[in-house]
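For reference, the structure discussed in these notes is given below.
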Amino acid sequence: MTTTAASGVAHDYEIVIGLEVHTQLLTASKMFCSCGARYADDAPNSHVCPVCMGMPGVLPVINRQAVEYTLMVGLALHCQIPEFSKFDRKNYFYPDLPKGYQISQYDLPFCRDGYLEIQLDGQTKRVGVTRAHLEEDTGRLVHIKDGMGDAYSLVDLNRAGVPLLEIVSEPDMRSPEEARLYMQKLRAILVALGVSSGRMEEGSLRCDANVSVRRRGETKLGTKTEIKNMNSFRAVQRALEFEAQRQIAEIEAGRRIIQETRGWVESKGITVSQRTKEEANDYRYFPEPDLPPLTVAREWIAEIAERLPELPDARRERFIARYQLSAQDAEQLAADRPTADYFEATVAAMTRGDEPSRAKAAANWLNGELTRLMKEAEQEVADLKVTASGLAGLLDAIDAGTISTTQGKTVLERAFASGEAPVAIIQREGIAQLSDTTELEAFARQVIAANPKAVEDYQRGRTNAVQFLIGQVMRQTKGRAKPDSIQPILIAQLDALSAE
Amino acid sequence: MSISREDVQHIALLARMHLTEDELQVMARQLSGILEHIAVLQEADVSSVALTATLLPQSGVMRADVPQPSYTPDLLLANAPDREDQYLRVKAVLD
């Protein structure tokens with residue numbers, strides 16, 4: 001729970017949130033034409049044709065893969081899939097929409113009445129999914145103001161016509177944190193299904209929220225506002241926290257909430273009113289006459305259900321049961337399919353110990369050191385240069401005592417940066433732990449000779465002088481010596497000195 | 001069935017058109033005329049006909065997800081009223 005919502009006046013209010021999530025689907029071609037749907041960074045209007053440019057006389061044809069992806073999501077979200085579905089035209093004028101209407105679905109979406117489960121404070125909460133429907137993405141506008149003060153817009157239609165799946169939740173969420181967890185779980189499912197890249201920062205996954213507040217005990221919903229432009233999970237939570245507080249403050253000040261669209265301004269941490277000229281609900285939907293309705297065969301649904309991959313919740317439970325991971329470790333790993341795949345590949349490639357102990361080490365390093373490195377470099381598992389078998393080699397070397405944990409971290413950092421296999425780095429740089437007693441004895445003698453004060457302390461009975469000397473040997477050996485092997489050697493030499 | 005001046009004004013707003021007072025009056029009269037003309041359809045007895053979303057005989061027509069090359073951008077942008085590099089250029093739009 002947020003500090004603000006838990007404190008003072010805010011506690012008298014309940015926050016009600018519903019989310020509308022849009023995701024581009026990872027098809028090779030667009031929704032209604034054969035233009036390529038992977039346009040990232042390509043020249044403007046290089047993936048366009050008469051259909052997605054909305055030229056007169058052209059006809060759309062439905063991309064079967066996009067429908068199949070939609071049905072996969074519907075099944076994963078426990079939706080009902082009606083046998084009969086159709087597309088409709090949503091009419092509005094804006095230059096990002098070349099036809100003057102968007103092909104969408106109005107009253108007969110592919111999926112309806114499902115749910116998704118989130119984990120909060122050890123409890124499972126079910127959030128209703130009202131519907132999931134298929135539509136087409138719009139073009140991209142670049143707003144320009146030239147030196148003369150003239151304003152105009154540039155239109156790139158590469159994105160126009162890319163399949164877009166809209167998933168609408170029930171107003172079942174009661175805190176910004178729940179909204180973030182819903183969004184994260186939904187992303188995990190979409191990525192696990194392989195239908196979405198899940199990249200919010202690139203806009204391929206987008207989230208709008210309907211939020212209202214009401215006094216606790218009130219059953220009627222308050223007036224809602226729609227929040228747009230939240231480009232990360234963190235932004236979802238922050239924007240909703242801000243908006244709920246704003247609404248509560250308005251009501252407390254005796255004002256009424258105005259139903260409106262508000263944009264989240266990340267840099268300022270506030271939502272601001274976005275006046276839209278379009279009047280609400282004036283999209284004049286009607287059935288798309290250019291597309292025949294679809295009969296979704298039950299055999300098709302059964303066949304898709306058969307092929308559904310393991311979903312994050314099931315994978316988390318399997319990680320706990322099979323690898324004996326903690327619930328927290330399992331949740332963190334299973335929430336992202338590439339991470340979960342990487343984890344399992346690492347465990348499979350490790351050669352020492354039993355499976356749970358291998359899993360424990362892999363989870364610790366993946367959720368710990370590797371996650372830290374990825375965060376610093378703003379990378380994801382998919383970007384990793386260290387392979388799962390590379391990490392496995394490193395963890396085996398640590399388990400075998402060839403290198404210390406500290407050395408392991410150094411090796412991982414280098415492998416992370418260069419892509420060289422950790423085992424190759426260990427061999428090339430000679431980063432193996434010193435286990436040769438003669439060599440260690442030489443280092444110990446050196447350190448004892450250089451630190452007469454510590455030796456004196458030891459002889460006076462101060463045992464922590466030994467710790468200091470161990471530290472010195474570690475320094476001399478650049479961390480290649482194991483403290484447990486140094487200690488007996490040092491003590492033996494010190495005691496021999498005292499006996500003289 | 002008639003279309004009022006206010007109806008025309010609303011439709012013009014949705015269509016992003018600016019109409020003068022005179023044009024609003026003319027449009028209201030003409031659109032009303034069209035609706036009256038079409039209203040003859042209301043007289044047909046359709047009580048025995050089921051509602052439908054389409055008049056096409058087939059359903060479930062879909063294509064495989066295979067990208068195909070299209071025309072060149074230059075050709076596709078050839079009829080654009082205005083362009084800048086490979087972009088279409090339009091009047092400023094306020095969001």
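The values are calculated or read from the model by the stated rules, or taken from the named source; none is laboratory data. Everything numeric in this text was worked out from a predicted model, so none of it was measured. So basically every Cβ, Gly included, is an ideal-geometry build from the backbone, and we count neighbours across all protein chains shown. When the accessible area is computed, the model is the full protein with side chains, heavy atoms only, and any ligands, DNA or RNA have been set aside. Shrake-Rupley method; radii C 1.70, N 1.55, O 1.52, S 1.80 Å.
Assorted remarks:
- Scanning region A:317-328 for residues that are in a helix (DSSP H, G or I) and either touching a Leu at 6+ places or on another chain (Cβ under 8 Å) or outside the structural domain of A:Glu344 (by TED's automatic domain parsing) (or both) yields one hit, A:Phe319.
- Restricting A:Glu241, A:Glu252 to those that are closer than 22 Å to A:Glu178 by Cβ, touching a residue at least 12 places away in the same chain (Cβ under 8 Å) and open to solvent by 40 Å² or more (accessible area, probe 1.4 Å) reduces the list to A:Glu241.
- Residue match in region A:371-383 (condition: in contact (Cβ under 8 Å) with a residue 60 or more places away in the chain, among the polar types (S, T, N, Q) and either surrounded by 13 or more Cβ atoms within 10 Å (Cβ to Cβ) or in contact with a Phe, Trp or Tyr (Cβ under 6 Å, 6 or more places away or on another chain) (or both)): no
- Region A:227-238: number of residues that are free of Cβ contacts under 8 Å to residues at least 60 places away in the same chain and crowded, with 19+ Cβ neighbours inside 10 Å: 3
- Tally of residues being open to solvent by less than 90 Å² (accessible area, probe 1.4 Å), facing another protein chain (nearest Cβ under 7 Å) and under 27 Å from the mean Cα position of the chain (by Cα) across region B:59-83: 9
- Residues in region A:337-367 that are open to solvent by 50 Å² or more (accessible area, probe 1.4 Å), within 14 Å of A:Arg322 (Cα to Cα) and in a helix (DSSP H, G or I): A:Ala348, A:Glu355, A:Ser357, A:Lys360.
- Hits in region A:477-493 - residues which are under 14 Å from A:Thr438 (Cβ atoms) and either open to solvent by less than 50 Å² (accessible area, probe 1.4 Å) or touching a residue at least 24 places away in the same chain (Cβ under 8 Å) (or both): A:Thr477, A:Ala481, A:Ser485, A:Ile486, A:Ile489, A:Gln493
- Scanning region A:210-226 for residues that are open to solvent by less than 80 Å² (accessible area, probe 1.4 Å) and in contact with a His (Cβ under 9 Å, 6 or more places away or on another chain) yields nothing.
- Restricting region B:1-20 to residues that are of a type outside the set (A, V, I, L, M, F, W, C) and open to solvent by 90 Å² or more (accessible area, probe 1.4 Å), the residue that is nearest to A:Tyr101 (Cα to Cα) is B:Arg16.
- Residue that is nearest to the other protein chains (Cβ to nearest Cβ), among those in region B:38-58 that are exposed (fewer than 10 other Cβ atoms within 10 Å of the Cβ) and not in a loop (DSSP other than H, G, I, E, B): B:Leu41
- Matching residues in region A:133-162 - criterion: being open to solvent by 50 Å² or more (accessible area, probe 1.4 Å), under 26 Å from the mean Cα position of the chain (by Cα) and within 11 Å of chain B (Cβ to nearest Cβ): A:Arg140
- Residues that are closer than 28 Å to A:Ala249 by Cβ and of a type in the set (Ser, Thr, Tyr), drawn from region A:199-226: A:Ser212, A:Thr219, A:Thr223, A:Thr225
- Hey, A:Pro176 of a type outside the set (A, V, I, L, M, F, W, C), within 29 Å of A:Leu311 (Cα to Cα) and within 14 Å of another protein chain (Cβ to nearest Cβ) or not: no
- From the options A:Gln102, A:Gln80, residue that is modelled with pLDDT of 95 or more, in the same structural domain as A:Thr295 (by TED's automatic domain parsing) and buried (at least 18 other Cβ atoms within 10 Å of the Cβ): A:Gln102
- Among the criteria (1) open to solvent by 20 Å² or more (accessible area, probe 1.4 Å); (2) touching a residue at least 12 places away in the same chain (Cβ under 8 Å), the one A:Ala496 does not fulfil is (2).
- Within region A:111-131, residues that are assigned by TED's automatic domain parsing to the domain that holds A:Ser169 and at negative phi have Cβ atoms under 8 Å from residues that are modelled with pLDDT under 95 and of a type in the set (S, T, N, Q) in these pairs: A:Glu117/A:Thr124; A:Ile118/A:Thr124; A:Lys125/A:Gln119, counting only partners at least 6 apart in sequence or on another chain.
- The single condition among (1) within 25 Å of A:Arg372 (Cβ to Cβ); (2) part of a helix (DSSP H, G or I); (3) open to solvent by less than 20 Å² (accessible area, probe 1.4 Å) that A:Ile403 does not meet is (2).
- Selected residue (criterion: surrounded by the most Cβ atoms within 10 Å (Cβ to Cβ)) from residues of region A:255-268 that are within 29 Å of the chain's Cα centre (by Cα) and of a type in the set (Lys, Arg): A:Arg262
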